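First the structure, which I've put down as structure tokens, then a few questions once you've had a look.
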Amino acid sequence: MAELESGLIYIADDEPNIRRLVSVALNECGYETQEFSGGDDLLKAIQRRNPDLIILDWVMPAPDGLSVCGRLKLDNLTKTIPIIMLSSRNEEVDVVLGLEMGADDYVTKPFSVKELCARVKALLRRNEYMNITPASNEVIVCGELTVNLARRTVIKHNKTIDLTMKEFDLLTSLMLAKGRVLNRDQLMEKVWDVEFSGDARTVDVHIRYLRQKIEEDAENPKYVLTVRGVGYRFASEEEINPEDQQETA
């Protein structure tokens, strides 16, 4: 018998059938759930008690899910609550907008309940890991980037770069691979903790947004490189600092 999980999850969606389907599936995994048909009811409930995670539909009566997500991520009391955005909007621009507003993950309708539960489990475990003080203070320095694995911080030009949880995990997964190419399925497993292939655009969109934050020119990346038709890899020291290699030649 599989070990049951624990935690309180709020489900906000104006479609009762979807709320019930998701709620039953999560209850079977051991999670406590509360359902809401709109953004106002959700926000009122959060004032009484913070959940461990929120599943939030984009298209709801005002305030819609996107507005609610933005408000929660701007509030110091709620900004660390993981949010999975549900939406029938499946264009890349919509995925980008949802992630830019602070959603930790984005799932398009129709969706697999099994995959959604796996994403919930992965986000909660990673959020729990972030709240544990690691014993290691390992620091990785690559070019102008300084990454502290224990504090989960990234510094460039003496300024802290504000990365989301997924962006940080993507960056460190690639850095620790030491130049090896990681395909999308491998990154989904490492960062999203799902053993089956997810939507490739999820990885691509997160990579694009990561590049906008750490690269001088996101269109011509120096650190996170694309291996066409395969996946991504982190640049070698020689590629990052070619002038240093010339001086020692």
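The values are calculated or read from the model by the stated rules, or taken from the named source; none is laboratory data. The structure presented is a predicted model; accordingly, all values stated were derived computationally and were not measured. Reconstructed Cβ throughout: ideal geometry from the backbone, glycine too, with neighbour counts over all protein chains shown.
List, please: which pairs have Cβ atoms under 7 Å, are six or more places apart or on different chains, and start with a residue in the stretch 120-131 that is surrounded by 15 or more Cβ atoms within 10 Å (Cβ to Cβ) and end with one that is modelled with pLDDT under 80 and not hydroxyl-bearing (S, T, Y)?
Hits for this filter: K121/E5; A122/W192; A122/D193; A122/V194.
Still on this model: For the stretch 203-224, which residues satisfy the criterion of being crowded, with 18+ Cβ neighbours inside 10 Å and free of Cβ contacts under 8 Å to residues at least 60 places away in the same chain?
Correct list: V203, I207, L210, R211, P221, V224.
Select from the stretch 145-175 the residues that are without any contact (Cβ under 8 Å) to a residue 24 or more places away in the chain and outside any loop (DSSP other than H, G, I, E, B) and write down the one among them that is surrounded by the fewest Cβ atoms within 10 Å (Cβ to Cβ).
K159
Please work out which residue is farthest from D64 (Cα to Cα), limiting yourself to the stretch 89-108 and to residues that are outside any strand (DSSP E or B) and either in the same structural domain as T164 (by TED's automatic domain parsing) or at pLDDT 85 or above (or both).
In the first step, residues of the stretch 89-108 are kept if they are outside any strand (DSSP E or B); the result is 89-104.
If we keep only those that are either in the same structural domain as T164 (by TED's automatic domain parsing) or at pLDDT 85 or above (or both) too, we end up with 103-104.
Numbers: A103: 14, D104: 17 Å.
Looking at residues that are outside any strand (DSSP E or B) and either in the same structural domain as T164 (by TED's automatic domain parsing) or at pLDDT 85 or above (or both), I get D104.
With respect to the numbered conditions (1) at pLDDT below 85; (2) more than 30 Å from P242 (Cβ to Cβ); (3) part of a loop (DSSP other than H, G, I, E, B); (4) not acidic (D, E), which one is the sole condition not fulfilled by K178?
In the conditions (1) at pLDDT below 85; (2) more than 30 Å from P242 (Cβ to Cβ); (3) part of a loop (DSSP other than H, G, I, E, B); (4) not acidic (D, E), K178 misses (2) alone.
I'd like to verify a number: residues in the stretch 110-122 that are modelled with pLDDT under 85 and either under 17 Å from D13 (Cα atoms) or outside the structural domain of D75 (by TED's automatic domain parsing) (or both), how many?
Residues flagged as modelled with pLDDT under 85 and either under 17 Å from D13 (Cα atoms) or outside the structural domain of D75 (by TED's automatic domain parsing) (or both) within the stretch 110-122 amount to 0.
Working only within the stretch 212-236, note down all residues that are among the hydroxyl-bearing types (S, T, Y) and assigned to a loop (DSSP other than H, G, I, E, B).
Answer for the stretch 212-236, where residues must be among the hydroxyl-bearing types (S, T, Y) and assigned to a loop (DSSP other than H, G, I, E, B): Y223, S236.
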